1. For region 84-141, what are Rg and Dmax over the alpha carbons, in angstrom?
2. Order 193-203, 256-266, 102-112 from most to least packed using the mean count of other Cβ atoms within 10 Å.
3. Near GLY143, within a Cβ-to-Cβ distance under 10 Å, what is the net charge of the other residues, with Lys and Arg +1 and Asp and Glu -1?
4. When only alpha-carbon atoms are used, what values of Rg and Dmax, in angstrom, describe region 55-160?
5. For GLU96 and TYR263, what is the calculated FRET efficiency with R₀ set at 41 Å and r taken between the beta-carbons, to the nearest 0.05?
6. On the first, second and third principal axes, largest extent first, how far apart are the outermost C-alpha atoms of the chain in Å?
7. Using the charge dipole of the chain (Lys, Arg: +1 at Cβ; Asp, Glu: -1 at Cβ; taken about the Cα centre), state which of VAL137, LEU162, SER181 has its Cα farthest towards the positive end.
8. At q = 0.12, 0.14 Å⁻¹, what base-10 log of I(q)/I(0) does the Debye formula yield for region 154-293 when every alpha carbon is treated as an equal point scatterer in vacuo?
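The values are calculated or read from the model by the stated rules, or taken from the named source; none is laboratory data. Predicted, not measured: the structure shown is a model, and the values here were computed from it. FYI the Cβ positions are ideal-geometry reconstructions off the backbone, even for glycines, and counts take in every protein chain you see. In case anyone asks, the SASA skips ligands and DNA or RNA and just uses the protein heavy atoms, side chains included. Shrake-Rupley method; radii C 1.70, N 1.55, O 1.52, S 1.80 Å.
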Amino acid sequence: MKCNWSYLFGILLMLSACQPKETTTASQPSPEPSSKKELQINNPIITDQFTADPAAMVYNDTVWLYTGHDEAETDFHFYKMKEWLVFSSTNMVDWETYPVPLSLDDFSWAKADAWASQTIERDGKFYWYVSVEHATVPGKAIGVAVADRPQGPYKDALGKALVTNDMTTATDIMWDDIDPSVYIDDDGQAYLFWGNTKCYYAKLKENMIELDGEIKVIEGLPHFTEAPWIHKKGDWYYLTYAYQFPEKTAYAMSKSIEGPWEYKGILNELAGNTNTNHQAIIEYKGVPYFIYHTGGIQPFGGSFRRSVCIDRLYYNPDQTLKRVVMTSEGIQK
Ligand code: CA
């Protein structure tokens, strides 16, 4: 269904513009110069379908965005997710849509819940790590699909799960094996991070479809809920994650990808109108971006009908991160 719902904040902006003018303006900021270019409302970035749990990568000077697809009807109050989506952009504003590149049907051993994911390139192949509900091993699981080009189509790379619930026992909840995030370190060693309530990580073999060694648990991440994401800037590694529930985004820093991680605080506040918060961080053409989701498409957006948004990410001089400012305008051309 093609939708043209306005973004809530856009509506609020328009409504506020209709309010009677104050007669006293001495304590108010100066109005914007009339000559200033009018900003477009660019968040959420995709408005004709619901997109969630963004992951992104830069490949060949193009940004590739991978998302889940919220398909819950407006009277259905939980996740209904059966496939993943891919988009690309060269300006962070205009996004090209592709045929559905990967769905639950591509994993014969999975039975439900096409949840959060991330894709990475290695040696000209693209590996897409996904969360699903396993058909025979009780609990969630992580699978990996592979393709020869970023937009796919992708196929199951293993024919079985890469991680099953019984492989991690730091908690006995059934959904601790979700939200895979993959990172290749400067020395070529690949790592998989994932988790819910416990943050796990393991090395990946060079083939990207087998774990290499034991699964470890990261300690010292206050209120870790889920959605780990690794990125690096200069000498620092950053582990951002969903914090508490409803979720904010928090982060920790380390000089080593294997830690120890030092907690640094909140990075993003509660995302508008959704109880989850799920981030991807990339740098494109020298500009850092924070990619997340909200429930901002109205009237039907919410925790189970989410939409991907993008705002700038800024670093402090000491390489800590400035609090993200979520905006309606998002990125401008
Ligand atoms: Ca487990």
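1. Gyration radius and largest Cα-Cα distance of region 84-141: 13.8, 43 Å.
2. Values: 193-203: 22.2, 256-266: 14.7, 102-112: 17.7.
So the peptides 193-203, 256-266, 102-112, ranked by packing, come out 193-203, 102-112, 256-266.
3. Values: positive: LYS160; negative: ASP106, ASP156.
That sum, taken over residues with Cβ under 10 Å, equals -1.
4. 14.0, 45
5. Working: r = 38 Å, r/R0 = 0.93.
Working from the Cβ atoms, E equals 0.60.
6. 68, 47, 39
7. Of the options given, the answer is SER181.
8. Log10 of I(q)/I(0), two decimals: -0.48, -0.66.
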